[in-house]
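Q: I'd like to ask you about the structure that follows.
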Amino acid sequence: MTRARGVVAAIAIMLGGAAGVALTQPRLAATTKKVKETKDVYVLPPPAQLKVMTLGYRAAAVDFLWAKLLVEYGMHWSDHRAFDDLPRYIDAILEIEPDYAPLFRYVDSMLVYRPPRGYAKDARLARAYLERGLQARPYDAKVWMQYGQFIAFIAPGFLTDTDDAERERWRVDGARAMMRAVELGADPDRAVSAATILNKAGADTTALIASLRKYRALAADDPGTIEEIDRKLAQLQAKAEDDAEAIHRREFESQWRRQFPFLTRYQFLLIGPSIDPAKCAGRNHVPACAREWGPHLPSARSDLEED
């Protein structure tokens, strides 16, 4: 009889415990959720004071802060919480060690891809931090390439508060930074993407051709990169020839309309170019003193053949 009472008492205790958990669990879950949604408490002092508090152990302090930053970033992603203190950690690290390379490798991704999402202000802040990296590490090809690729390809997609003109300026700035990175030793194949952006933006084709020829020499051990650069060079050279042809035609049309507008195109071609007698006296063989159209306007021959 006593044993039976003990079993009944144990069952009663188990049922009471289960009922207690069922009653308190929703309230505790709500409290936990509320705690998770509250704003984080940043316990570190301002950057200037933090630098003094390291007592000279700056490398160790920076490594600790960087590890802490990575852990906090991952936890906020896991909890789907905004990481508002992220810039504070970055400022603290840069105050202690302004040229800390790992930070500049990931700072753009951390800012624009932070939970729950990045905004235009985050893209501008990331660019500002990367530019600090360029000042601290002016000959680091990796930082230049990171900066160039970010503002050329990633950041414009976050600039939703501005117009296409500013986004295009960012792309051009990024392409120029990528060119600089190649000059400092980055992979030459990146120059092709940069040249495409600059060419689309109206950069000097002749200068782009000269740069790509120089980068081609740097890629002597990479047949794939050489082939890619050669294709881009062929495109730019064809465009340069077309641009020169257009300039020649405009120059010809200008002379024709200005000097002999009453003549037909064919008649003006037969007359030949006008030269300055004072500058072309004697045996002057400069192109500007030629009596034929060829040295003046290479397109004149094709015009004559068409007429």
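Q: Quick check: is even one residue across the stretch 201-209 modelled with pLDDT of 85 or more and either under 13 Å from the mean Cα position of the chain (by Cα) or on the phi > 0 side of the Ramachandran plot (or both)? Let's see the steps before the verdict.
A: In the first step, residues of the stretch 201-209 are kept if they are modelled with pLDDT of 85 or more; the result is none.
The answer is no; no qualifying residue exists.
Q: While we're here: Of the numbered conditions (1) of a type in the set (Val, Ile, Thr); (2) part of a loop (DSSP other than H, G, I, E, B); (3) under 16 Å from the mean Cα position of the chain (by Cα), Val182 fails exactly one; give the number of that condition.
A: Going through (1) of a type in the set (Val, Ile, Thr); (2) part of a loop (DSSP other than H, G, I, E, B); (3) under 16 Å from the mean Cα position of the chain (by Cα) one by one, Val182 breaks only (2).
Q: Can I ask one more? Mind counting the residues in the stretch 36-68 that are farther than 21 Å from Arg114 by Cβ and either assigned to a loop (DSSP other than H, G, I, E, B) or in contact with a Lys or Arg (Cβ under 9 Å, 6 or more places away or on another chain) (or both)?
A: Residues that pass the stated criteria total 9.
Q: Just checking, which of Asp122, Asp108, Asp164, Asp99 is farther than 27 Å from Lys214 by Cβ, free of Cβ contacts under 8 Å to residues at least 24 places away in the same chain and of a type in the set (D, E, K, R)?
A: Testing whether each residue is farther than 27 Å from Lys214 by Cβ, free of Cβ contacts under 8 Å to residues at least 24 places away in the same chain and of a type in the set (D, E, K, R) leaves just Asp164.
Residues checked against (1) outside any helix (DSSP H, G or I); (2) of a type in the set (Gly, Ala, Ser):
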position	(1), (2)
Leu70	no, no
Phe83	yes, no
Asp91	no, no
Pro102	no, no
Ala126	no, yes
Met145	no, no
Ile151	no, no
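Q: If a residue has to be of a type in the set (Phe, Trp, Tyr) and in contact with a helix residue (DSSP H, G or I) (Cβ under 8 Å, 6 or more places away or on another chain) to count, how many in the stretch 64-112 make the cut?
A: Here the count works out to 6.
Q: May I ask you to list the residues in the stretch 55-66 that are at pLDDT 90 or above, of a type outside the set (A, V, I, L, M) and over 16 Å from Leu86 (Cβ atoms)? Give the steps one after another, and end with the answer.
A: Residues of the stretch 55-66 that are at pLDDT 90 or above, as a first pass: 57-66.
From the residues that got through so far, the ones that are of a type outside the set (A, V, I, L, M) too are 57-58, 63-64, 66.
Tyr57, Arg58, Asp63, Phe64 - these are the residues of the stretch 55-66 that are at pLDDT 90 or above, of a type outside the set (A, V, I, L, M) and over 16 Å from Leu86 (Cβ atoms).
Q: Does the stretch 165-173 include one or more residues that are over 12 Å from the mean Cα position of the chain (by Cα) and either surrounded by fewer than 20 Cβ atoms within 10 Å (Cβ to Cβ) or assigned to a loop (DSSP other than H, G, I, E, B) (or both)? Show your work before the answer.
A: Narrowing the stretch 165-173 to residues over 12 Å from the mean Cα position of the chain (by Cα): 165-166.
Still in the list and also either surrounded by fewer than 20 Cβ atoms within 10 Å (Cβ to Cβ) or assigned to a loop (DSSP other than H, G, I, E, B) (or both): 165-166.
Looking through the stretch 165-173, at least one residue is over 12 Å from the mean Cα position of the chain (by Cα) and either surrounded by fewer than 20 Cβ atoms within 10 Å (Cβ to Cβ) or assigned to a loop (DSSP other than H, G, I, E, B) (or both).
The values are calculated or read from the model by the stated rules, or taken from the named source; none is laboratory data. Computed from a prediction, not measured in an experiment: that's the story for all the values here. Glycine also receives a Cβ, built like all others from the backbone with ideal geometry; neighbour counts cover every protein chain displayed.
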